[in-house]
Amino acid sequence: VIATLAISAPGVIAQRRTFTTGTPAEIATARARGLAHLQARIHDWGIESPDSLVVTRATVDERSRAHTRVQQFYRGIPLFGGEAIVHMRDDGEVEAVTDALVTSVTVNPRARLATGAAISRAVANHGCADCLTAPPVANLMVLRLLGVDRLVYRVELRREDGTAQTSMPVTFVDANTGDIV
């Protein structure tokens, strides 16, 4: 039987690693710790509720550091660009937060424009409905533009035909007025 003994210098406490290779338990810990770290600070950022932040992914990298990605929501609607990443050392302590969270959101979360109407406006704005190679996809979002919060549909169009015009344009359509934002 071979035993390994870790010896520390006097007065030095051996560091216990929380993250190593990204096991399911470590990922669950990263998710919970990263979210808790952000939720404890929501009022400092003018964010309405702890439920406004939802973990979208957690990973442990090759240096045994964990990274928890969070998407911000406003009354159940995602905020375009409202994301944060909590970076944790291998001992589980938060090292840094990279964020683009949107503070003090104020917008009516009820759309007057139907999803189909928003898609029609985006396709008309694009100017070539026959060129699309897949059905458009629209998602309701909150977009802060020039300091003003707007409820919008983010409409993704797709043209993948091997020509120089191959593209995947995204159009924001105001969910109340139908204006192209």
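The values are calculated or read from the model by the stated rules, or taken from the named source; none is laboratory data. This one's a predicted model, so the numbers in the text were calculated from it and none came from an experiment. No Cβ is skipped: glycine too gets one built from the backbone with ideal geometry, and neighbour counts run over all protein chains shown. Surface accessibility is based on the protein's heavy atoms, side chains included, excluding ligands, DNA and RNA. Shrake-Rupley method; radii C 1.70, N 1.55, O 1.52, S 1.80 Å.
Report, by chain and number, residues whose modeled amide H sits under 5 Å from the one on residue 175, excluding near sequence neighbours (fewer than 5 apart, same chain).
Correct list: 151, 152, 153.
From the phi of every residue in region 44-55, what ³J(HN,Hα) in whole Hz does the Karplus formula 6.51 cos²θ - 1.76 cosθ + 1.60 yield, where θ is phi - 60° and glycine or proline is x?
5, 9, x, 9, 4, 8, x, 6, 6, 10, 10, 5
Is region 17-101 best put as rounded, prolate or oblate by its Cα gyration tensor, with a ≥ b ≥ c the root eigenvalues, rounded for a/c under 1.5, and otherwise prolate when a/b is larger than b/c, oblate when not?
Prolate, since a/c reaches 1.5 and a/b exceeds b/c.
Hey, what's region 20-122 come to in accessible area per residue, 1.4 Å probe, Å²?
Per residue, region 20-122 has an accessible area of 54 Å².
I need the GluC sites (Glu not before Pro) found in region 83-136, filtered to DSSP loop residues with at most 14 other beta carbons within 10 Å of theirs.
Sites meeting the loop and neighbour criteria: 93.
Across region 62-71, in residue order, what do the Karplus-derived ³J(HN,Hα) couplings come to in whole Hz, using 6.51 cos²θ - 1.76 cosθ + 1.60 with θ = phi - 60° and x for Gly and Pro?
Each residue's phi maps through the Karplus curve to give 5, 9, 6, 9, 9, 9, 10, 9, 10, 9 Hz.
How many angstrom lie between the Cα centre of region 52-129 and the Cα centre of region 22-40?
17 Å
Can you pull out the trypsin sites (Lys or Arg not before Pro) in region 130-181 that DSSP calls coil and that have at most 16 other Cβ atoms within 10 Å?
158
Summarise the accessible area of the chain (1.4 Å probe, protein heavy atoms) by the percent that is carbon and sulfur.
Here it works out to 52 percent.
Here are labelled values, [x] 18.7; [y] 19.3; [z] 16.8, and one is the computed Kirkwood radius over Cα pairs in Å for what I pasted. Which one?
[y]
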